[in-house]
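Student: One structure is given below, represented as structure tokens, and several questions about it will come after.
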Amino acid sequence: MWSIICPLVGLVILALAAQYKSGFFALVMGASLITTVLAAVHHAEVVAHKVGEPFGTLILALAITVIEVSLIVSMMLAKSAGGATLARDTVFAAIMLILTGIIGLSLLIGGYKYKEQAYIKQGVSAAMTTLTAISVLTLVLPNYTTTTAGPVYSSSQLIFVAVISLVLYGGFVAVQTGLHRDYFLPEDAAKGDEDAHASPPSAATTVFSLLLLVASLVVVVLLSKKLSPTIEGIVVDLGAPKSLVGIIIAAVILLPEGLAAIRAASRNRLQTSLNLALGSALASIGLTIPAVAIVCYIMGFEVTLGIDGKSTLLLLLSLFTINISFGAGRTNVLQGIVQLVILATYLFITVVP
């Protein structure tokens with residue numbers, strides 16, 4: 001019942017948002033946002049259990065990306081502060097939070113509970129190869145092009161990068177769901193996991209959860225948009241860099257995906273956890289950048305995609321350590337600790353550049 005009530009409460013709070021603008025009401029909106037995100041996680045897991053792997057994790061990844069794109073585009077259209085760099089900051093933050101935060105916590109918790117966890121190397125390798133290429137092409141290469149000065153693409157370059165981002169993501173989805181679907185299927189269900197062995201929900205329950213998932217995601221987008229000015233104001237008052245806004249937005253957006261991935265790892269379903277995390281990272285950058293590029297091209301906005309030197313170093317370090325960690329076919333707690341240390345460094349350097 002709580003997963004049905006929370007989105008409805010969120011809608012009521014949205015209806016009252018125009019009348020109440022106090023700090024206390026902002027806290028109420030924030031609490032409603034978190035509970036609605038948790039409801040979205042529940043309904044996404046119901047749908048995922050019905051359709052099976054890897055389609056279930058793909059559905060959740062696409063749902064999260066819809067939130068991200070909607071929020072970024074709406075803030076850009078509202079000419080929010082830092083709008084030119086908001087897409088870059090949010091996408092970069094999403095990748096770093098996934099690679100070092102979500103995967104780091106999954107490996108740490110899974111390694112602590114089960115010593116070692118296994119996964120299918122071919123699937124993880126395919127995801128990491130695609131993620132490495134698409135990350136560098138969208139976030140690093142703009143710093144070295146010369147058609148337009150600065151860390152930005154020209155209009156033609158932006159459209160080209162949008163197209164190749166879609167090609168790379170589309171190729172990955174084709175491999176994940178068709179050509180090599182077995183690379184992304186858990187080898188066996190975790191013993192003692194009631195969810196893994198439970199009967200799939202009925203068609204009616206699945207449809208109902210799908211509708212509530214969509215409703216929950218809409219409420220999350222609208223609540224996030226309402227809270228964005230408050231978040232920006234707090235960041236400015238603290239004297240922190242505006243890139244911190246991108247991290248906060250990415251953290252809220254990724255909360256459903258992160259909770260689902262960490263929960264799967266804690267139940268010894270690491271393959272499902274990695275499908276969620278890496279699929280979300282690929283969807284985040286592979287679909288967000290093309291959407292932002294189309295909006296900027298049509299509306300005549302300028303968008304800055306190139307990240308600075310220290311961010312480039314942290315991105316490459318994260319990709320490098322993840323690739324090494326997933327080279328053996330089994331993971332342990334130390335690999336999770338390494339990723340979380342990189343996450344702490346990223347957050348600290350953002351606040352204290």
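The values are calculated or read from the model by the stated rules, or taken from the named source; none is laboratory data. This one's a predicted model, so the numbers in the text were calculated from it and none came from an experiment. Methodologically, a virtual Cβ is constructed for each residue, glycine included, from the backbone with ideal geometry; neighbour enumeration extends over all protein chains shown. Just the protein is used for accessible areas: all its heavy atoms, side chains included, with ligands, DNA and RNA removed. Shrake-Rupley method; radii C 1.70, N 1.55, O 1.52, S 1.80 Å.
Student: Could you tell me whether Arg267 is closer than 22 Å to Ile64 by Cβ and charged (D, E, K, R)?
Tutor: Spelling it out, Arg267 is indeed closer than 22 Å to Ile64 by Cβ and charged (D, E, K, R).
Student: Criterion first (in contact (Cβ under 8 Å) with a residue 40 or more places away in the chain, within 29 Å of Ile234 (Cβ to Cβ) and among the β-branched types (Val, Ile, Thr)) does Val41 satisfy it?
Tutor: yes
Student: Among the residues of the stretch 305-353, what is the count of those that are assigned to a helix (DSSP H, G or I) and under 18 Å from Leu244 (Cβ atoms)?
Tutor: Restricting attention to the stretch 305-353, the residues satisfying the condition of being assigned to a helix (DSSP H, G or I) are 309-325, 333-351.
Still in the list and also under 18 Å from Leu244 (Cβ atoms): 310-311, 314-315, 342-351.
Qualifying residue count, the stretch 305-353: 14.
Student: Same structure, new question: Which pairs turn up if I take residues in the stretch 224-249 that are of a type outside the set (A, V, I, L, M) and look for partners that are open to solvent by 40 Å² or more (accessible area, probe 1.4 Å) and in a loop (DSSP other than H, G, I, E, B) with beta carbon separation below 7 Å, at least 6 apart in sequence or on another chain?
Tutor: Glu232/Ala81; Pro241/Pro353; Lys242/Ala81
Student: If the requirement is being more than 20 Å from the chain's Cα centre (by Cα), at pLDDT 90 or above and open to solvent by less than 60 Å² (accessible area, probe 1.4 Å), which of these qualifies: Gln339, Gln335?
Tutor: Gln335
Student: To continue, here is another question. Criterion first (at pLDDT 90 or above, under 19 Å from Pro186 (Cα atoms) and outside any loop (DSSP other than H, G, I, E, B)) does Leu107 satisfy it?
Tutor: Details: at pLDDT 90 or above: yes; under 19 Å from Pro186 (Cα atoms): yes; outside any loop (DSSP other than H, G, I, E, B): yes.
So Leu107 fits the description; yes.
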